[in-house]
Amino acid sequence: MQHTEATVMAGTVALPLQEFIASLDNACLPRILQVCSGVYFQGSIYEISGSEVCFSTGDLIKVINTELLSVCCEDISNNEKFELPINHTGLFKVVPEEMPYGTVEEMVSLRPIGLDSCLPFTFTSRSKITLGDFILGTGTALTVLCVEKHEGEEDQVRCHVKGLQEASADVCIPLSSRGEFYECESEECFTLQEIMSSASLRSRRFRFNNASKSQRPLILSPVYQVQAIMNMRKNVLKFPSSLEVDVVDVTDICKDVDFVTPLSLTEVVSQPDESFPAVVEVLEGPESRSVFKSDWMTALSKAEHLILHKKGTSAMILLSSLKSRKAQQYFLVSQQYGGRFRRRPREFNSVYELYVASIQAPGLKVSVTRNCEEIEEEGLPTLSVGEQLEVVTCSRMELPCESSTGQKQSVEALLCQRLQEPDDGDDDDEEDEDDKDRVKVDDEKEEIFLPLYMQGHFLEILRDNKKYKLRDLGKEFSLPLDVKVVSRDGELENDPLVGFPCLRIEGAMLEPTIQASLLHKPDYCFEIPAKWLSMSVSFTKDPVPWPNGQPPKCHINRVTEVTDTFFYEFRKQGSSDEAPPPRPPKRNLSALKPSKKPKSSKKADKSKHRTDKSVPTKTFSDLTLNNKKRPPAPPPPANADDEPSPPILPRKPSGADTTRGKALPNTYVRIEESKKIAPPCDIEADEDSDHDYETVDENLVSMMKTAQENVLFY
């Protein structure tokens with residue numbers, strides 16, 4: 001860097017950039033500065049926060065904003081510098097000046113203004129002070145309490161003086177009193193914020209109040225982040241005020257210099273209506289991870305030109321698709337969307353969800369979609385699939401179980417009415433028509449309590465088959481609302497909402513928007529929600545691509561797909577401090593121990609349970625392909641108990657000869673009794689018997705054995 005002495009340019013004294021920025025008030029911005037000393041050549045370009053900063057003598061800089069970032073601390077003894085953040089929690093003490101003050105007024109004027117801790121402070125005088133008949137001796141310590149102003153009289157400072165033997169008095173000294181005054185070290189401490197907010201304090205020297213740190217005097221200087229634009233560059237520059245350049249304020253003589261003014265989208269919305277339509281250039285495109293997934297996002301890259309037709313406020317609806325195997329999608333849809341919707345029944349997975357929905361839509365009717373078993377101690381009733389319920393109100397119910405303290409518990413619950421008559425399954429009952437009607441009316445009025453903490457599965461009952469416009473749905477029904485598109489928007493080339501079995505209207509919003517189009521397609525417009533997109537543009541002087549006063553008929557894309565980040569941010573903005581769903585009550589486990597049953601009853605219950613399950617098992621076993629059920633064996637002879645049971649033949653050993661391909665049978669029959677069986681022709685059929693025995697021909701049995709052996713051998 002090449003540095004020269006401060007020069008005079010345009011009749012103004014040049015100042016270091018650091019000093020000039022520190023003296024600026026943001027209320028007077030923007031200011032135009034000219035670099036008059038300090039050149040950064042191409043080989044030593046500053047790269048700060050991703051921006052290249054290269055200043056040359058004569059460059060014009062338009063400062064549009066400053067922000068205090070940190071404080072530069074310079075050690076006077078060795079010229080070492082270090083920076084502290086502005087929120088540094090340490091405290092600093094003022095170091096008394098070594099040079100004396102010539103008047104009291106000079107000393108008082110250097111005290112900080114507007115700080116409660118500026119008074120009192122103490123000073124001494126190297127000379128006598130005569131106040132009428134009262135004389136203050138050399139070296140007397142005077143503590144300034146306040147400054148007194150009286151109309152028609154000279155301003156004075158009221159000081160407290162301590163004399164010998166702890167005698168004290170208050171004296172008033174005129175501000176014009178001359179002498180040799182020295183400031184004493186004070187116990188008052190200041191934060192960096194307080195020091196930087198006072199011009200008088202910034203001119204003082206300080207030391208750390210903490211004795212463990214260096215006690216050498218420090219000069220504190222603010223370091224700002226400067227935001228500026230240049231007449232030869234189109235993006236906003238950000239650089240620290242500590243750059244070693246000298247500048248001159250030339251705002252008054254450079255008012256006509258044309259600077260490119262970067263504007264954010266929110267600043268574009270604040271422009272007057274007369275500024276539109278206009279052609280703008282994109283200076284900084286949106287960040288790569290944008291919340292929008294539309295095609296027009298790719299056109300918002302740097303150096304692209306857009307047509308901004310107009311600005312306004314649009315009523316928009318946020319839609320979401322149902323969770324499925326595919327990723328959930330979200331859409332931001334204008335209320336001017338031309339498609340038609342039908343309502344879809346909502347699904348609820350808990351009684352608490354029913355409660356929330358019933359507040360928004362009284363008289364809610366639902367159908368039970370999953371069975372719920374009764375749990376008496378928790379107050380959970382039995383619910384069967386197909387039962388219809390109407391939510392009446394939220395009330396309280398007492399639970400049969402007691403708390404750990406032995407007291408009855410009551411919980412919040414939904415009072416509902418059953419709308420469906422239970423099916424008794426008895427079609428042979430003969431009742432009068434009047435009795436049936438009376439029973440049905442009684443059933444319809446049956447009341448049931450559902451605790452809010454109860455889990456369940458319900459489906460909303462709708463009788464509505466009407467087609468609605470999107471803006472009408474928001475007026476007539478509370479949100480959220482489940483809908484389906486039944487007719488597409490004819491103005492859209494491709495309507496992305498068509499084809500979804502169900503869409504949920506999550507919420508509505510009023511958004512400041514900018515209607516824009518690409519330069520080569522001026523009639524195909526899209527709406528940009530200004531506060532959801534971070535980018536900067538600048539208005540150009542290029543003419544719009546149509547004859548003056550004859551704008552084209554615009555086709556506006558009413559549907560914009562957004563990411564889940566947009567959805568979560570929207571939910572976060574509209575989140576309320578609603579209480580979470582209630583938790584189930586704590587049970588008194590000692591009071592709920594079941595009484596012990598006799599072992600015989602448990603076995604009987606288990607036997608009964610197994611018997612019930614055996615019925616379908618038997619049915620399916622009869623349908624299996626490998627079923628080889630034998631008929632029941634004939635009754636044993638009268639002397640069967642006297643004969644010993646035949647031995648069970650051993651299984652085939654693992655090392656047996658397999659060349660024969662025949663396994664030893666493992667039959668459990670009485671050999672002797674098989675010899676006494678009469679020929680089939682001698683057996684008479686017992687017509688009264690419950691069993692239908694068939695006779696088997698011995699030749700047929702032999703053929704079957706031979707076939708089985710061949711199969712085993714194969």
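Under the condition of being of a type in the set (Asp, Glu) and at pLDDT 85 or above, which residue from segment 64-105 is farthest from Asp249 (Cα to Cα)? The extreme case among them is Glu105.
Taken as a whole, the structure leaves Arg233 outside the set of residues that are of a type outside the set (Val, Ile, Thr), surrounded by fewer than 19 Cβ atoms within 10 Å (Cβ to Cβ) and in contact with a Leu (Cβ under 7 Å, 6 or more places away or on another chain). Restricting segment 188-226 to residues that are in contact with an Asp or Glu (Cβ under 9 Å, 6 or more places away or on another chain), among the aliphatic types (A, V, I, L, M) and crowded, with 18+ Cβ neighbours inside 10 Å, the residue that is farthest from Lys149 (Cα to Cα) is Val226. Residues in segment 355-382 that are of a type in the set (A, V, I, L, M) and more than 20 Å from Val483 (Cβ to Cβ): 4 in all.
The single residue among Ala211, Ala167, Ala228 that is of a type in the set (A, V, I, L, M) and at pLDDT 85 or above turns out to be Ala228.
Residue-wise test of (1) assigned to a strand (DSSP E or B); (2) under 23 Å from the mean Cα position of the chain (by Cα); (3) at negative phi.
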{"position": "Ser320", "(1), (2), (3)": "yes, yes, yes"}
{"position": "Ser324", "(1), (2), (3)": "no, yes, yes"}
{"position": "Ala327", "(1), (2), (3)": "no, yes, yes"}
{"position": "Phe331", "(1), (2), (3)": "yes, yes, yes"}
{"position": "Gly338", "(1), (2), (3)": "no, no, yes"}
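Residues of segment 358-394 that are closer than 17 Å to Phe477 by Cα, surrounded by 13 or more Cβ atoms within 10 Å (Cβ to Cβ) and free of Cβ contacts under 8 Å to residues at least 60 places away in the same chain: Ser358 alone.
The set of residues in segment 135-187 that are exposed (fewer than 14 other Cβ atoms within 10 Å of the Cβ) and among the acidic types (Asp, Glu) comprises Glu148, Glu151, Glu153, Glu154, Glu166, Asp170, Glu180, Glu185, Glu187. Taken over segment 177-227, the criterion of being small (Gly, Ala, Ser) and in contact with a strand residue (DSSP E or B) (Cβ under 7 Å, 6 or more places away or on another chain) is satisfied by Ser177, Gly179, Ser186, Ser214, Ser221. Where strands (runs of 3 or more DSSP E) fall wholly inside segment 151-234, the ranges with 1 or more residues that are within 42 Å of the chain's Cα centre (by Cα) are 218-230.
Whenever a residue of segment 501-529 is without any contact (Cβ under 8 Å) to a residue 40 or more places away in the chain, its partners that are part of a strand (DSSP E or B), lying with C-beta atoms within less than 8 angstrom and at least six residues away or across chains, give the pairs Asp523/Ser517; Asp523/His555; Tyr524/Ser517; Tyr524/Leu518; Tyr524/His555; Tyr524/Asn557.
Summed over segment 518-560, residues that are within 21 Å of Gly338 (Cβ to Cβ), of a type outside the set (Phe, Trp, Tyr) and under 38 Å from the mean Cα position of the chain (by Cα) total 13. Here is a list of conditions, (1) in contact (Cβ under 8 Å) with a residue 40 or more places away in the chain; (2) not in a strand (DSSP E or B), and Val486 meets all of them except one; can you say which number that is? It is condition (2) that Val486 fails.
Restricting attention to segment 530-560, the residues that are in a strand (DSSP E or B) and either of a type outside the set (A, V, I, L, M, F, W, C) or without any contact (Cβ under 8 Å) to a residue 40 or more places away in the chain (or both) add up to 5.
Out of the residues in segment 95-109 that are more than 16 Å from Leu142 (Cα to Cα) and acidic (Asp, Glu), which is surrounded by the most Cβ atoms within 10 Å (Cβ to Cβ)? Restricting to residues being more than 16 Å from Leu142 (Cα to Cα) and acidic (Asp, Glu), the top hit is Glu97. Going through Ile505, Ile556 one at a time, which residue ends up being more than 30 Å from Glu274 (Cα to Cα) and of a type in the set (Val, Ile, Thr)? Result of the check over Ile505, Ile556: Ile505. Candidates are the residues of segment 73-94 that are surrounded by 13 or more Cβ atoms within 10 Å (Cβ to Cβ) and among the aliphatic types (A, V, I, L, M); the one that is farthest from the chain's Cα centre (by Cα) is Val94.
In the set Glu281, Glu287, Glu274, only one residue is closer than 15 Å to Ala516 by Cβ and acidic (Asp, Glu); that residue is Glu281.
All of (1) in a loop (DSSP other than H, G, I, E, B); (2) at pLDDT 90 or above hold for Leu459 with one exception: (1).
The values are calculated or read from the model by the stated rules, or taken from the named source; none is laboratory data. These numbers were taken from a predicted model, which means no experiment stands behind them. Reconstructed Cβ throughout: ideal geometry from the backbone, glycine too, with neighbour counts over all protein chains shown.
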